[in-house]
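Undergrad: Starting off with a structure, shown below.
Here, each number is a calculation from the coordinates, and none is a lab measurement. None of these values were measured; they are calculated from a predicted model. Note that each Cβ is placed from the backbone with ideal geometry, even for glycine, and that neighbours are counted across all protein chains shown.
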Amino acid sequence: MDNLEICYLSLVEMAEAIRTKSLSPVEIVEALLWRIERLNPTVNAYCTLLAESARRQAREAETRVMQGGELGPLHGVPVSIKDLIFTRGIRTTGGSKIYENFVPQDDAIVVERLKNAGAIIIGKTNTPEFGWVAVTENQLFGATLNPWNLELTPGGSSGGAAASVALGMGSLGIGTDGGGSIRIPSSFCGVFGFKPSFGRVPQYLGFPGWETVSHTGPITRTVRDAALAMEVIASRDDRDCLSLPETGIRYLPYLKGDLKGLKIAWSENLGYAVVDPRVQEITKAAVKVFATLGCSVEEANPGVKNPEVPFTTIIGCGMATVLGDKMAQLDTRLARFIERNKDKPATEYISACLERFEYWNGIRPFFDRYDLLLTPTIAVLPFPVGQLGVREIAGMRVSPLGWLAFTYPFNLTGQPAASVPCGWTEDGLPVGLQIIGRRFDDVTVLRAAAAFEQASPWAGRRPKLE
């Protein structure tokens, strides 16, 4: 097996190859380092590469395999961590010059669990400063580029993770999602991204400001890989007081179930979004696959208003509280965002929180009728590097978050949601379909994504960058 074949093995395949001794952790790490060193100077997905540490851990992992020791589910498998997530002894900058030389003394819970499962941390992936925008660029490391077209953004804020996975520079990237930050780059990069239910994966430790909306989850090339990752990283931990109770669920077995009898709603605009016609055409065609899988599919909107204002207020006030005294050191665009929010009265913030509850109570009855909701993941295709977003879609002026109209609402509700690659444009740009589940029903989202993947596989399609 040559290096490229090794790099495009799935997470499940890598773990199995190590257990059966058909590949060693050393061979896998060396193949990925070859790939990263070859492509990362072009796409800038990794901001910190841990080559020597990964090699050392791979040798130790190989020794354990040969000695017949007990192996964790990810023993010897390299994974990447978004640069917003704390890693003990490894520089963690949050994409900010303020923390350019910050080295945490402790691991975040998700990193701790990956290490306990035997995973090797191969590097940290690029993110915008404190994850504040849905593209991946910062003053410290520069911009990450889209693997399918280097002139375009990979999205954000987990853009480095998604780009690395798309290019075979790792089979698992751990990202965070405060308004779409796993699903956006997964859609733009043609990979699978899963935002678990809020609290399913504990958030402690990390940079503050997003506590009530942020989710940690996997970015992978296959649904099985995400399910395996969830078996490692999900479960209660009281260091995060918002983490969910333990369920004991194993996610992989649920992927085998069929979808017969599921009631699915398809909404092309949630009743208020403007969508690029090319995105609309590709996602609408993809939805038809679910009817062939035995689902009842209806076109329906939840009938709730756009929650952009309360979402922006909650995020803005949170970031202003944390960063208000550091504005001189921030990217000027982030500083302006904080300036607009730092003097908002407490009553405005509380009003936004109440609107959030109102939004949930408006959408909740919709999920009493339907098991799943399908939407486009993003309203637009990837756009040029350097833009923070899109203000015009299909000839119509849209609000600042108009192009993200399908993602951030489900950070407010905390529901599980995934982005699956559902097609490519004529010029080779990927489009994502979003699958949103009932509150806490992560397994049905993953099962639906797995069934769609089997019916309409995507993992074999690779960017041409070599």
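Undergrad: What three numbers, in Å, describe the spread of the alpha carbons of the stretch 83-130 along their principal axes, ordered from the longest?
TA: So the three principal-axis extents are 32, 19, 16 Å.
Undergrad: Right, here's the next one. Treat each spin label as a single point 7 Å out from the Cα along the C-beta direction, and report the ASP343 to MET1 distance in nm.
TA: Going by the 7 Å Cα→Cβ label model, 6.1 nm.
Undergrad: Now for a separate question. Given H placed 1.01 Å from N in the peptide plane, which residues other than close sequence neighbours of LEU433 have an amide H under 5 Å from its amide H?
TA: Hits under the 5 Å cutoff: THR377, VAL420, CYS422.
Undergrad: Would you pull out the residues with amide H under 5 Å of THR48's amide H, same chain only if 5 or more places away, H placed 1.01 Å from N?
TA: Distant-sequence amide H within range of THR48: LYS124.
Undergrad: Now for a different question. Tell me, what is the FRET efficiency for PHE102 and MET396 to the nearest 0.05, using R0 = 35 angstrom and their Cβ-Cβ distance as r?
TA: Efficiency at R0 = 35 Å is approximately 0.25.
Undergrad: Once phi is turned into θ = phi - 60°, what whole-Hz ³J(HN,Hα) does the Karplus curve with 6.51, -1.76 and 1.60 give for every residue of the stretch 208-218, x standing for Gly and Pro?
TA: For the stretch 208-218, the Karplus curve yields x, x, 10, 4, 8, 10, 8, 10, 9, x, x Hz.
Undergrad: Give, as ranges by residue number, the residues of the stretch 190-225 whose backbone N falls under 13 Å from the point 7 Å along Cα→Cβ of THR247.
TA: Within reach of a label on THR247, which here means backbone N under 13 Å from a point 7 Å along Cα→Cβ, the stretch 190-225 contributes 195-201.
Undergrad: So what's Rg/Rh here for the stretch 342-466, counting alpha carbon atoms and using the Kirkwood radius for Rh?
TA: Reported Rg/Rh (Cα atoms, Kirkwood Rh): 1.03.
Undergrad: How long are the semi-axes of the ellipsoid equivalent to the stretch 165-235, from square roots of 5 times the Cα gyration tensor eigenvalues, in whole Å, largest first?
TA: 20, 14, 10
Undergrad: Under the rule of at least 5 residues apart or a separate chain, name every residue whose amide H is placed under 5 Å from the amide H of ALA143.
TA: So ALA143 has HN proximity to ASN138.
Undergrad: Loop only by DSSP, 16 or fewer other Cβ within 10 Å of the Cβ. Give me the trypsin sites (Lys or Arg not before Pro) in the stretch 77-156 that pass, ordered by residue number.
TA: ARG88, ARG91
Undergrad: Follow-up. Which whole-Hz couplings ³J(HN,Hα) result when phi for each residue of the stretch 353-361 is put into the Karplus expression 6.51 cos²θ - 1.76 cosθ + 1.60, θ = phi - 60°, listed in order with x for Gly and Pro?
TA: With the stated coefficients, the stretch 353-361 comes to 5, 5, 5, 4, 4, 4, 4, 4, 5 Hz.
Undergrad: Right, another one. In a shell of Cβ-Cβ distance under 13 Å around ALA300, excluding ALA300 itself, what net charge do Lys and Arg (+1) and Asp and Glu (-1) give?
TA: With Lys, Arg at +1 and Asp, Glu at -1, the neighbours total -3.
Undergrad: Residue-wise, which Karplus ³J(HN,Hα) couplings in Hz belong to the stretch 445-462, taking 6.51 cos²θ - 1.76 cosθ + 1.60, θ = phi - 60°, and x for glycine or proline?
TA: With coefficients 6.51, -1.76 and 1.60, one gets 4, 5, 5, 5, 5, 5, 5, 5, 4, 5, 7, 9, x, 10, 5, x, 8, 10 Hz.
Undergrad: Using the beta-carbon distance between SER22 and ARG462 and R0 = 25 Å, what value does 1/(1 + (r/R0)^6) give for FRET efficiency, to the nearest 0.05?
TA: Once rounded, the FRET efficiency stands at 0.65.
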